[in-house]
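First comes the structure, then the notes that go with it.
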Amino acid sequence: MPERQFRLGALAEALGAVLEGDPARIVTGIAPLDAAGADDVSFLTDARYREQAHTSRAAAVVLAADAETLPTAMLRVKDPGQAMIRLLGLFHPRPAPAPGIHPAAVVASDARVDTTASIGALAVVERGAVIGAAVRVHALAYVGAGVEIGDGSEIYPHAVLEDGVRLGRRVVVHAGAVIGGDGFGYVFADGAHRKIPQVGTVIVEDDVEIGSNATIDRAMLGATVVGRGTKIDNLVQVGHNVTIGEHSILVSQVGISGSSHLGRGVVLAGQVGIADHVTIGDGAVVAAQSGIHADVEPGAKLLGTPARPIMQAKRVYLTIDKLPDLARKLRDLERRLDRLDSGGTSDRDG
Amino acid sequence: MPERQFRLGALAEALGAVLEGDPARIVTGIAPLDAAGADDVSFLTDARYREQAHTSRAAAVVLAADAETLPTAMLRVKDPGQAMIRLLGLFHPRPAPAPGIHPAAVVASDARVDTTASIGALAVVERGAVIGAAVRVHALAYVGAGVEIGDGSEIYPHAVLEDGVRLGRRVVVHAGAVIGGDGFGYVFADGAHRKIPQVGTVIVEDDVEIGSNATIDRAMLGATVVGRGTKIDNLVQVGHNVTIGEHSILVSQVGISGSSHLGRGVVLAGQVGIADHVTIGDGAVVAAQSGIHADVEPGAKLLGTPARPIMQAKRVYLTIDKLPDLARKLRDLERRLDRLDSGGTSDRDG
Amino acid sequence: MPERQFRLGALAEALGAVLEGDPARIVTGIAPLDAAGADDVSFLTDARYREQAHTSRAAAVVLAADAETLPTAMLRVKDPGQAMIRLLGLFHPRPAPAPGIHPAAVVASDARVDTTASIGALAVVERGAVIGAAVRVHALAYVGAGVEIGDGSEIYPHAVLEDGVRLGRRVVVHAGAVIGGDGFGYVFADGAHRKIPQVGTVIVEDDVEIGSNATIDRAMLGATVVGRGTKIDNLVQVGHNVTIGEHSILVSQVGISGSSHLGRGVVLAGQVGIADHVTIGDGAVVAAQSGIHADVEPGAKLLGTPARPIMQAKRVYLTIDKLPDLARKLRDLERRLDRLDSGGTSDRDG
């Protein structure tokens, strides 16, 4: 990853920032506050790191317009998070691959590959696939028959798009992810599980990102749908006929069983499990490792298995810690009452 | 996926159904009750959907011989589930690939590939592998040295069958699944974990299906065995020396630690974890996310971590919800008793 | 897997063992105590299997110097575990591949591949990669631009090492594992999740083993680090900027969220989840399926979600089982007190 250098004045211009410091000062890298050297620019995007900002060796810090004054040069912006994204792109630009099909790729003669797309070595593109402008299909990726990939999408090595899957624009599919595998559906008859043919597809809308080795199954009939802007982390499982609304977040190792429906802006933390045929309302947030077995209201915040409202769950957890103590107290009370009944006092020393 | 059209009379014949309706009526697709259009055939396989069946726009519905009368044409069958499977196959037949080895596949000269098998582009078949009749090895799949694949099996893109693994007939291995990776075994000695060579293999019996990105480790010695007809979902982990009986079901993200043994017809719901050296009896059912640390009786139905009989677990969960309330009541009782002891009454307002 | 044969005398010499038995006796295989035949050597590495050792049909058993006498020939050693590892290697030697680059591999002209390394069929090695002595890159593996692989490492089929990742010596990366995928980081702005470029890398130190389909994300800035000798099982997720100390063990399906730090010799059992920005002290042990949301002291042994010290957690679990009973007793006590207040006795039959 090549690094570049910039004058603070040029950075201020690029970020639309107000610079408090020397515009001629040169910075050669970007680093977090605690790791930054004397020639690095850094960023304060979270108030938790204020102290680090005061002791950082960075040459300059990007921070909010209304943030406190730091001993370093300051680049004040409206949104430090977005400015940090822009900065990372400036210092670490991604080299765009040369367009064209690698001679060692295997592309079906009737596949339509845009001339600006790049198909890597030993990638396979099957018959009837349609690959849009500026798409990058990395080496060893698999694009099945009839798959459609929208403009600007990127398919990493060993990702698998099975027959008929449709991706929107600017979709990123990371290495080893499998989109369009058969859903897990059987009928038990005559002593064996009979496979229900999974003849539907998967539709992935614009700006979705799908993590390494994640799996998204095709629908039995119709389509499994991942809504626009939704981000899916590594090793997540999405079952057949699931629909996920826009701008949702599925953290690593989440599992969603068949035919469940997630709204917009849903957040499922790591290792959450969702049962089948469940509806999760818009904006619901489910804490890590929780298990959801029933519909969830929009905006609900849940924790635990079975999941409870997060405040209730925390109260329950606190009480659980005191359970052995509670049981002991209960035995004490019984004994005191027994003694009362035998004519004495219930007093502990009684 | 091509769609076809059929007269209801022809469908009745194909399904062995009794038709109540016009045999000349043409249907052009198959769809669920709620999504079916006026030219679709649909199916009622679960009483939960009776209401949808009455309001469906479908031209005809496949249903049980003794089911109620619907406003649509009806195709009455003994087993609607199996009829649905047959219907899906009629409307969405899977194109069989041309037999033969793709010129861009790499097949060892001493591998034995049946002339009716199909080996896709950039698939690798190592020395000594034996590939049976009508097997389909998709593009970019890996078949290790000495692997045996029984007749009619299908290996999806990027699936990996490591050296010496043996698959029965009609086995399906989905994309990215890894069969025969090393088991996770070490001896801690002289300050480091020393790898125990994993020199056993994996035996997958007939009619097993293995999901995308699932992993099934080879035995240290002997074999990890997946029994006939067992279905394994995506991202499931099966440790070394595990044996799984026939017709079991392992839902997505289940993990089974080394040397555990599952009986016939076991069902493990999503994200269940099984400790090592545990035996799960025939027909046991374990609810989602549960953790099993001890042997399970045949037919047991378990829930939770640690797992309890499902009815007990549900009772416990209900009481847990009332825990903060319980703790409060206990404090009240203590106070009442204290007051009694001081000579007053225990009355709350006392 | 070829098997060989050895005289017991030769085995004793190879293992540095004291033989009690006939040195001319020939053994043709190695097997566990319960599966060994009359011509096999076996091993007693765990006192739990003492009974099996007495009834085993094995010709000879490897056991500790001070272990009891068995009816079979005995090979007494200081460390039976290490002797077993040695024995497995003797009976099942791994054939070393011929060095060189397979003609169907695609290797960038400026990649530096040691002449003793082996690059398999249809493997891809991108520009600037450096591959050390005796490294084995299996068929269909992917080695990204600028990747460095230390001497003696092995990369299985379909493993993916993304651009710039660095592996030490004797590192094993199993099939389908993805090292260096983007970390999961976004800033929510203007109604959408904006991707934070992940421009850091992954450093994997010497003697690390990484399981099939595991995923280890690159850092946003800096490096995700897996310490020397650490062993990672299948389907484990390691988030961006995580650091893992030396000789730790991560069992299958563990998930570690971004920026968490594990010490030396940490053991995380199967399906454990670690929240982000958490520090786990040296030698801490976390039981299966537990969830860690706060820092963990060195040497702590934790269980449950939220995790508690293992003894406390077990006490809590025991009490939880009695919860419905507890609730009933509490109601009884209330009733007895009520009766007392009404002037009677609290006696149950009162």
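The values are calculated or read from the model by the stated rules, or taken from the named source; none is laboratory data. Keep in mind that what you see is a predicted model, and the values were worked out from it rather than measured. FYI the Cβ positions are ideal-geometry reconstructions off the backbone, even for glycines, and counts take in every protein chain you see. With ligands, DNA and RNA removed, areas are computed over all heavy atoms of the protein, side chains included. Shrake-Rupley method; radii C 1.70, N 1.55, O 1.52, S 1.80 Å.
Of interest is the spacing of the C-alpha centroids, which for segment B:266-337 and segment C:65-79 amounts to 44 Å. When the charge dipole of chain A is built from unit charges on Cβ atoms (+1 for Lys and Arg, -1 for Asp and Glu) and taken about the Cα centre, the candidate among A:Pro298, A:Gly176, A:Gly245 whose Cα reaches farthest toward its positive end is A:Pro298. Excluding same-chain neighbours fewer than eight residues apart, the lysines reachable from A:Lys195 by a Cα-Cα span under 28 Å are B:Lys78, B:Lys231, B:Lys301.
What's the whole-number percent of alpha carbon pairs in segment B:260-350 lying beyond 22 angstrom?
Numbers: 1965 of 4095 pairs.
Tail of P(r) above 22 Å: 48 percent of Cα pairs.
The distance separating the Cα centre of segment B:158-192 from that of segment B:207-242 comes to 8 Å. The H on the amide N of C:Arg308, modeled in the peptide plane, is under 5 Å from the matching H of C:Leu303, each at least 5 residues off or on a different chain.
For segment C:283-300, putting each phi into the Karplus relation 6.51 cos²θ - 1.76 cosθ + 1.60 with θ = phi - 60° gives couplings of x, 5, 10, 10, 6, 3, 6, 6, x, 10, 10, 8, 4, 10, 5, x, x, 5 Hz, in residue order, rounded to whole numbers and with x for Gly and Pro.
From the P(r) of segment C:148-259, can you give the percent of Cα pairs sitting at distances over 20 Å? The partial results should precede the final answer.
Working: 2039 of 6216 pairs.
Summing the P(r) of segment C:148-259 above 20 Å gives 33 percent of all pairs.
Straight-distance candidates among the aspartates and glutamates for linking to A:Lys314, with alpha-carbon spacing under 17 Å and chain neighbours fewer than 8 residues away dropped: B:Asp321, B:Asp325. Accessible-area rank, largest first, for A:Met220, C:Met311, C:Met74: C:Met311, A:Met220, C:Met74, with all protein chains present and a 1.4 angstrom probe.
What residue among A:Leu318, A:Leu337, A:Leu303 shows peak mean-square fluctuation when chain A is described by a Gaussian network model with Cα springs under 10 Å? Ranking A:Leu318, A:Leu337, A:Leu303 by mean-square fluctuation puts A:Leu337 first.
Per Stokes-Einstein, at 37 °C and 0.692 mPa s, what whole-number D in µm² s⁻¹ belongs to segment B:113-188, with the Kirkwood radius over Cα pairs as the hydrodynamic radius? Working shown, then result.
On the way: Rh = 12.2 Å.
My calculation gives 270 µm²/s for D.
In this entry, segment A:197-345 is assigned a mean projected area of 11.7 nm², taken as a quarter of its C-alpha convex hull surface.
Can you give the mean number of other chain Cβ atoms that lie within 10 Å of the Cβ atoms in peptide B:325-334?
6
Between the C-alpha center of segment B:14-57 and that of segment A:16-48 there is a gap of 65 Å. Take the Cα of B:Glu297, step 7 Å toward its Cβ, do the same at A:Ala192, and the gap between the two points is 3.2 nm. The Cα atoms of segment B:228-267 define a convex hull whose projected area, averaged across directions, is 2.3 nm².
By per-residue mean of other Cβ atoms within 10 Å, what is the highest-first order of C:192-201, A:243-252? Don't skip to the answer; put the middle values down first.
On the way: C:192-201: 20.3, A:243-252: 24.1.
By packing density, highest mean first, the sequence is A:243-252, C:192-201.
Convex hull volume of the Cα atoms in segment B:72-202, per residue, in Å³? Let's see the in-between values first.
On the way: hull volume 21.8 nm³, N = 131.
Spelled out: Cα convex hull of segment B:72-202, divided by residues, is 167 Å³.
Amide H to amide H, with H built 1.01 Å from N, A:Val278 comes under 5 Å of A:Ser260, A:His261, counting only residues 5 or more places away or on other chains. To the nearest 10, the accessible area of C:Arg136 is 60 Å² with a 1.4 Å probe.
With a 1.4 Å probe and all protein chains in place, put A:Glu334, C:Glu20, C:Glu297 in order of accessible area, largest first.
C:Glu297, C:Glu20, A:Glu334
Each listed q (0.14 Å⁻¹) maps to a log10 I(q)/I(0) for chain B from the Debye sum over equal C-alpha point scatterers, namely -1.14.
Close amide H pairs (under 5 Å, H built 1.01 Å from N) link B:Thr201 with B:Ala219, B:Gly222, B:Ala223, B:Thr224, residues at least 5 positions away or on another chain. On the basis of the beta-carbon distance and an R0 of 30 Å, A:Asp282 and A:Lys314 show a calculated FRET efficiency of 0.80.
Taking all protein chains together and rolling a 1.4 Å probe, A:Ser109 ends up with roughly 120 Å² accessible. Coordinate range of the alpha-carbon atoms in segment A:212-296 per principal axis, descending: 31, 28, 22 Å. Counting every Cα pair in segment C:4-68, what percent are over 13 Å apart? Cα-Cα pairs of segment C:4-68 separated by over 13 Å account for 59 percent. Label separation (B:Arg7 vs A:His54): 8.8 nm, computed from points 7 Å beyond Cα along the C-beta direction. Per-residue mean of foreign Cβ neighbours for C:225-238 is 5 (Cβ atoms of other chains, 10 Å radius).
When chain B is treated as a Gaussian network with alpha carbon springs shorter than 10 Å, the biggest mean-square fluctuation among B:Val187, B:Val147, B:Val296 belongs to B:Val187.
Averaged over the residues of A:118-124, the number of partner chain Cβ atoms lying within 10 Å of the residue Cβ comes to 6. Selection among B:Ala133, B:Pro103, B:Tyr156 by position relative to the dipole of segment B:98-158 gives B:Pro103 as farthest towards the positive end (Cβ unit charges, Cα centre).
Please get the size of the charge dipole for the protein assembly as shown, origin at its Cα centre, with Cβ charges of +1 on Lys and Arg and -1 on Asp and Glu, quoted in debye to the nearest 20.
Details: 102 positive and 123 negative charges, 214 e Å.
Once rounded to the nearest 20, the dipole reads 1020 debye.
The simple spin-label model puts a point 7 Å past each Cα toward its Cβ; for A:Thr28 and C:Arg112 those points are separated by 2.2 nm. The phi-based Karplus calculation (6.51 cos²θ - 1.76 cosθ + 1.60; θ = phi - 60°) puts the 3J(HN,Hα) values of segment A:326-338 at 4, 5, 5, 4, 4, 4, 4, 4, 4, 5, 4, 5, 4 Hz, whole numbers, x for Gly and Pro. Ordering of B:95-106, C:207-218 by packing is C:207-218, B:95-106, highest average first (other Cβ atoms within 10 Å, averaged per residue). When both bridge partners sit in chain B, DSSP labels roughly 15% of those beta bridges antiparallel. The DSSP beta bridges internal to the protein assembly as shown are antiparallel in roughly 15% of cases.
3J(HN,Hα) couplings calculated from phi for segment B:23-31 with the Karplus curve 6.51 cos²θ - 1.76 cosθ + 1.60 (θ = phi - 60°) are, in sequence order, x, 8, 4, 9, 10, 10, x, 10, 8 Hz; Gly and Pro show x. For segment A:1-135, the pair-distance distribution built from all alpha carbon pairs, in bins 10 Å wide starting at 0, is 12, 34, 16, 14, 17, 6, 0 percent. Binning the C-alpha pair distances of the protein assembly as shown at 10 Å intervals from 0 yields a P(r) profile of 2, 10, 18, 22, 19, 14, 9, 4, 2, 0 %, listed from the shortest bin outward.
Sorted from longest to shortest, the spans of the Cα atoms of segment B:26-104 along the three principal axes equal 56, 25, 22 Å.
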